[in-house]
Each structure stands twice: as C-alpha cells, then as structure tokens.
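A.B. asks: Here it is, the structure in full.
Bear in mind that the values in this text are calculations on the coordinates, not laboratory data. The model shown is predicted, which means the values in this text are computed figures rather than measured ones. In this analysis, Cβ positions are derived from the backbone assuming ideal geometry, glycine residues included, and neighbour counts consider all displayed protein chains.
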Amino acid sequence: MMVGKYLKRCPICGGAIRHTKTAYVIGRVVVEPELEADACVKCGEEFYTAEQVARAQEKATKLGLWAPRLEEERELKQIGGSLMISIPRPIVKALGLSPHEKVRILLTDKGLSIVKKK
C-alpha cells in the first residue's frame, strides 16, 4: 500500500507530509502498534487510508473498544442494471451531505465505504 501517494501537503495547516509508522490508538488502547501513515511535520495530524481505518475499526470492535456511530438496515432497489440504496437522514446529517453532492464509493475487503468529496 502506498500511503502518501495522494497527499503532499496537510489539508489542516498546509505543512509538509512525511511517511511514517505510528500506533493507531482508540481511547488509550493501541489497536495497531505499527501502522503506516502520513503525518504532518507541522501540526502532527496523521492520515490513514480508508482500508487502514476499516481494519483498525474491525479489530477495535472485536476488542469491544469501538462500535459504529450509526447503523441502519436498508433494502436495495434496482434501477436499470444498477442497485440503489437510500442514505438514512441521521447519516446524511452526520456526514453533512446534500442533494446532487458528489461522493466516492469505495469497495474495501469488508464492504462498501461512502466518502464525501471535498
């Protein structure tokens, strides 16, 4: 996996980004002791890929440290050759989504991830 491939400057402060290994911590528990990440040399913010976060969250869930913030069941609908789901209002509100906004849909080893485009 190539962390740092897309991020050259910190989106928080504009500082330079360096590739590093860091511990992924939830609360005070180290979930992943050595995770490759990008870190800002100025503000220290760390950046992970969606797949890295999904794996860490799965491990944290098994350890009883993390639970999904919002979860709802939806039925798939067919439109032509595609399938569609509606995004529940609480999730729309939590993500700050609005109609006609573009999102990225990612296929990970654990399912789908929907990311709001910046």
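A.B. asks: What residue among K102, K77, K62 has the largest mean-square fluctuation in a Gaussian network model of the chain, using Cα springs under 10 Å?
C.D. replies: Between K102, K77, K62, it is K77 that shows the largest mean-square fluctuation.
A.B. asks: Here's something else I'd like to know. Which entries of K21/K110; K21/K93; K62/K117; K77/K116 show an alpha-carbon separation above 25 angstrom in the structure shown?
C.D. replies: Going by Cα-Cα distance, K21/K93; K62/K117 fall outside the 25 Å limit.
A.B. asks: Have a look at V31, V53, V92 and tell me which one the Gaussian network model of the chain (Cα, springs below 10 Å) gives the largest fluctuation.
C.D. replies: V92
A.B. asks: What are the residues whose amide H is under 5 Å from the amide H of V25, where those residues sit 5 or more places off or on another chain and H is modelled from the backbone?
C.D. replies: Here V31 satisfy the definition.
A.B. asks: Mind listing the phi-derived Karplus ³J(HN,Hα) values for the range 31-45, rounded to whole Hz, using 6.51, -1.76 and 1.60 with θ = phi - 60°, and x for any glycine or proline?
C.D. replies: 3J(HN,Hα) across the range 31-45, in whole Hz: 8, 10, x, 9, 10, 5, 8, 9, 9, 7, 6, 8, 9, x, 4.
A.B. asks: Using a ≥ b ≥ c from the Cα gyration tensor of the range 77-116 (square roots of the eigenvalues), is it rounded, prolate or oblate, where a/c under 1.5 gives rounded and otherwise the larger of a/b and b/c decides, a/b for prolate?
C.D. replies: oblate
A.B. asks: Moving to a separate point now. What residue among G96, G27, G81 shows peak mean-square fluctuation when the chain is described by a Gaussian network model with Cα springs under 10 Å?
C.D. replies: Among G96, G27, G81, the largest GNM mean-square fluctuation belongs to G81.
A.B. asks: Using amide H atoms built in the peptide plane, which far-off residues or other-chain residues are under 5 Å from T108 H to H?
C.D. replies: S113
A.B. asks: Turning to a different aspect of this structure: On a 0 to 90 degree scale, rounded to 10, what angle separates helix 50-62 from the longest Cα axis of the chain?
C.D. replies: Value to nearest ten degrees: 90.
A.B. asks: In the chain, with Lys and Arg counted as +1 and Asp and Glu as -1 at Cβ, which of these residues, V53, L76, L7, has the Cα nearest the positive end of the dipole, that is, farthest along it?
C.D. replies: The residue sitting farthest along the positive end of the dipole is L7.
A.B. asks: Let me ask another. According to the square roots a ≥ b ≥ c of the eigenvalues of the Cα gyration tensor, what is the shape class of the chain, taking rounded for a/c under 1.5, prolate for a/b larger than b/c otherwise, and oblate for the remainder?
C.D. replies: prolate
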